[in-house]
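Working notes, beginning with the structure itself.
The values are calculated or read from the model by the stated rules, or taken from the named source; none is laboratory data. All values reported here derive from a predicted model rather than from experimental measurement. Ideal geometry is used to build each Cβ from the backbone, glycine not excepted, and the neighbour counts take in all protein chains shown.
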Amino acid sequence: MHRRIALTGTATLLLATSAQAFNLGGMVDAAKDAARAATLSDEEVRAYAAQMAQHTDAQHRVAPADNAYAKRLAALTANAREDGGMRLNYKVYLKPEVNAFAMADGTIRFYSGLMDMMTDDEIRYVVGHEVGHVQAGHTKRRMQTALATSAARKGAAASGSGVGALAASELGGLFEQVIRARHSQNNEREADDYALQFLSRRNHNRRAAVTALEKLDKLSGGGGSNWLSTHPSPKERADRIRTQIT
Ligand SMILES: [Zn+2]
């Protein structure tokens, strides 16, 4: 339960930042927001992601470069600083939480709790899976949906008073819903397939994808870790990957 609460907090922070960033311009009305959200360029998506990452980093204890976790992550990702033209930047949050995420600007964050339970190759699988969600466009689509919805809500609130604060609290809830929503089975398969290619291209052990998912499955009894709450069905995924790589 504690872990779920931690995740919710993170998701809310991410989203609140995005909302604030979007409001910074001040002069954009709801209609313009909606139009812009529907046509977010990759560059805009990256820019919003970078702002979210900066804000989220500020909410966590980030391992300094000479910290053991940071050194380990840097070493095991030495040949994965770039993927498909996207520069990847890694940091570790010192928190006993089983979670990790990637953002559209190449931000990759691991919680120390996840690193504690995984081998280097298993961590590389998680990197590949998260990068897969970004490269397949899942992250961008979610961001577009979130911004479009926020614009709609702003429009609805604009007829009342106290628009700013009210809209922000409405947006926080909406954004949270979007981020906390599970990836679909299809998205998970796509990200897993990407992770296998990610590992293959770098001559790493693809079997680590299976063992990582089995560990997560055991840990949670099928659904308790933070990572699993957004990346579901580890058992089925492990079974599917096993048949792919043998
Ligand atoms: Zn996933």
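For the reader, a short list of remarks on this structure follows.
- Matching residues in the stretch 187-222 - criterion: being within 16 Å of the ligand (Cβ to nearest atom) and among the polar types (S, T, N, Q): Asn187, Gln197, Ser220
- Remark: pairs (first residue in the stretch 198-209, among the charged types (D, E, K, R) and assigned to a loop (DSSP other than H, G, I, E, B); second residue surrounded by 14 or more Cβ atoms within 10 Å (Cβ to Cβ) and at pLDDT 95 or above; Cβ separation under 6 Å; 6+ apart in sequence or on different chains) = Arg206/Leu196; Arg206/Leu199.
- Single condition Ala102 does not satisfy, out of (1) over 22 Å from His60 (Cβ atoms); (2) at pLDDT below 90: (1)
- Filter result for Met118 (surrounded by fewer than 24 Cβ atoms within 10 Å (Cβ to Cβ), of a type outside the set (Asp, Glu) and closer than 17 Å to Leu213 by Cβ): yes
- The condition of being more than 15 Å from the ligand (Cβ to nearest atom), on the phi < 0 side of the Ramachandran plot and at pLDDT 95 or above holds for Met118.
- Every test in (1) at pLDDT below 95; (2) surrounded by 20 or more Cβ atoms within 10 Å (Cβ to Cβ); (3) within 13 Å of the ligand (Cβ to nearest atom) is passed by His138 save one, and that test is (2).
A quick yes/no check of all residues on (1) in contact (Cβ under 8 Å) with a residue 24 or more places away in the chain; (2) of a type in the set (A, V, I, L, M):
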| position | (1), (2) |
| --- | --- |
| Gln51 | yes, no |
| Ala63 | yes, yes |
| Tyr69 | yes, no |
| Asn89 | no, no |
| Ala104 | yes, yes |
| Asp120 | yes, no |
